[in-house]
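Working notes, structure below.
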Amino acid sequence: MSEQVNPFESLQEQVDDAAAYLDMSDDQLERLKHPERVLETTLSIEADDGSLASFKAFRSQFNGDRGPYKGGIRYHPNVSRDEVKALSGWMAYKCAVVDIPYGGGKGGIIIDPKEYSTAELERITRAFATELRPLIGPDRDIPAPDVNTGQREMNWIKDTYETLENTTAPGTVTGKAIASGGSEGRVEATGRSVMLTAREAFDYLGTDVADATVAVQGYGNAGAIAARLLDERGATVVAVSDSSGAVYDDDGLDAAAVKDHKNETGSVVDYADADEELSNEELLTLDVDLLIPAALENAIDADIAQDVAADVIVEAANGPLTPEADDVLADRDVYVLPDVLANAGGVTVSYFEWVQNRRRFYWSEERVNDELETVIVNAFDGLVATFEERDLPTFRMAAYVVAIRRILDAHEEGGTFP
């Protein structure tokens, strides 16, 4: 990527752009561009060799007007304070777009988890949970998995919180294992909402996603599941990639088999049934009907956007397009379905998990998937209605107009304290 983009500045630019289409004051706008608080802490644990290891960690709580803060925790070497702030903001707007009663939060630890043992990762996670203890809870802030975290880490956080608080509170985190109070359908939720958004988008454009060719950049949980679900609906997945590179087959890849290969070898490359291997940038510029960026933020900058040949982009990752790339793609009439809708399945089913935890009554996977489809389809319809009624330039703009209006309404109804 040729340009270095601060994700927090990208978020603020997106909010500024949407504000031009809303009746709001400058002070209201300023309030919606910054987190309410950010925890920055240094975690120290004893490593397996007896030495002391330290890690910088963050938790950003962006906006709580519509409910408890909600958002994932990522373990990655590139975690930064600004990245976490941006992600917490995107989460606040995402929850508002799909109209679930949460604010936005996000956390992260600067770490490459591949360099540490399971025992060390458990100590690091429990140290972070201890620091988070005053901030989190079922009615305060509800963490969830993100990059390089999953059910295991959420179970450790839940257990640490419950032990220190001397209580049972499964709704303190979501994305847990089923035995620890997790929800059916949670693992597939983000990929499923990407598939549903793509299906609705192609239907809106008068075509069928079953006839689409698809490329997926990033073959982790969200990307691989979206690819498999689209494959099952008849779409032709011609290319997928991870950090090691991409594989391509014009006749279509078996999405599930590629994932099995990645699980066995650690990468999608060297998949035997692929015709050829590509770079990630080559994948992003393939002539396909649907491109799904499902890796990290800022994957597509203005330079790459000039060469994007896809007709539709559905964002599985958070912030995969820079604002400049957005402008280029809008000028080229590429339809971009934004992350705050497309990957909202994760937080939506996290909300379902939280509801089930609070009631101590659990749903079937079929009910979870049916409820998720209702939420995503309703949100898509609301986004399209705003897009058309206000004659907005992009679907992303429509999503932010919907989200900001809902957050403003909640704040105005609640008033200002003190």
Inset, instruction - With only alpha-carbon atoms counted, please give the Rg and Dmax of segment 127-255, in Å. - result: 18.7, 57
Legend entry - In order through segment 258-272: 3J(HN,Hα) via Karplus (6.51 cos²θ - 1.76 cosθ + 1.60), integer Hz, x for Gly, Pro: 5, 5, 4, 4, 5, 4, 7, 10, x, 7, 7, 5, 6, 5, 4
Inset, instruction - Scan around residue 71 for amide H atoms under 5 Å from its own, H built in the peptide plane at 1.01 Å from N, and keep only partners 5 or more places away or cross-chain. - result: 105, 142, 144
Inset, instruction - Go through 288, 309, 268 and say which Cα lies farthest out towards the positive end of the charge dipole of segment 233-333; charges sit on Cβ, +1 for Lys and Arg, -1 for Asp and Glu. - result: 268
Legend entry - For segment 37-169, alpha-carbon Rg over 2.2 N^0.38 Å: 1.02
Inset, instruction - Report the percentage of all Cα-Cα pairs in segment 289-418 whose separation exceeds 25 Å, rounded to a whole percent. - result: 38
Legend entry - Size of electric dipole in segment 271-418: Cβ of Lys, Arg +1 and of Asp, Glu -1, about Cα centre, debye, nearest 20: 1260
Inset, instruction - Please name whichever of 300, 225, 352 sits farthest to the positive end of the charge dipole of segment 221-377, dipole taken about the Cα centre and charges placed at Cβ: Lys and Arg +1, Asp and Glu -1. - result: 352
Inset, instruction - Using θ = phi - 60° and the Karplus relation 6.51 cos²θ - 1.76 cosθ + 1.60, list the HN-Hα couplings for segment 222-232 in order, rounded to whole Hz, with x at every Gly or Pro. - result: 5, x, 5, 5, 4, 4, 5, 5, 5, 4, 5
Inset, instruction - Would you kindly derive the ³J(HN,Hα) couplings of segment 332-338 from the backbone phi angles with the Karplus curve 6.51 cos²θ - 1.76 cosθ + 1.60 (θ = phi - 60°), listing them in order in whole Hz, with x for Gly and Pro? - result: 8, 6, 8, 7, 10, 8, x
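Using the alpha carbons of segment 30-115, what is the convex hull volume per residue in cubic angstrom, as a whole number?
Spread over its residues, the Cα hull of segment 30-115 gives 93 Å³ apiece.
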Inset, instruction - List the residues whose amide H sits under 5 Å from the amide H of residue 212, counting only those 5 or more places along or on another chain, with H placed 1.01 Å from N in the peptide plane. - result: 236
Legend entry - Largest-first ordering by accessible area, 1.4 Å probe, given options 326, 27, 409: 27, 409, 326
Inset, instruction - List the residues whose amide H sits under 5 Å from the amide H of residue 319, counting only those 5 or more places along or on another chain, with H placed 1.01 Å from N in the peptide plane. - result: 339
Inset, instruction - Please list the radius of gyration and Dmax for segment 256-352, considering alpha-carbon atoms only, with Å as the unit. - result: 14.9, 42
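Mind checking the dipole of the chain: about its Cα centre, +1 per Lys or Arg Cβ, -1 per Asp or Glu Cβ, Debye to the nearest 20?
Values: 36 positive and 79 negative charges, 509 e Å.
Around 2440 debye, computed over the chain.
Could you order peptides 392-404, 129-141, 86-98, 166-178 by the average number of other Cβ atoms within 10 Å of their residues, highest first?
On the way: 392-404: 23.3, 129-141: 17.8, 86-98: 28.3, 166-178: 20.2.
Result, highest mean first: 86-98, 392-404, 166-178, 129-141.
Take the alpha-carbon positions of the chain, form their convex hull, and give its projected area averaged over all directions (one quarter of the hull surface) in nm².
Working: hull surface 80.6 nm².
Value for the chain: 20.1 nm².
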Legend entry - Calculated P(r) of segment 150-221 - Cα pairs past 17 Å, %: 58
Inset, instruction - Sticking to Cα atoms, compute the Rg of segment 182-271 to one decimal and its Dmax as the biggest Cα-Cα distance, whole number, in Å. - result: 13.0, 40
Inset, instruction - Take every DSSP beta bridge whose two residues both sit in the chain, then give the antiparallel share in percent to the nearest 5. - result: 50
Legend entry - Net dipole in debye of segment 11-164 [+1 Lys, Arg Cβ; -1 Asp, Glu Cβ; about Cα centre; nearest 20]: 300
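The values are calculated or read from the model by the stated rules, or taken from the named source; none is laboratory data. Keep in mind that this is a model prediction, so the values were computed, not measured. Don't worry about glycine lacking a Cβ; one is built from the backbone with ideal geometry, like all the others, and counts go over all protein chains shown. Side chains are part of the model used for accessible areas, which takes the heavy atoms of the whole protein and leaves out ligands, DNA and RNA. Shrake-Rupley method; radii C 1.70, N 1.55, O 1.52, S 1.80 Å.
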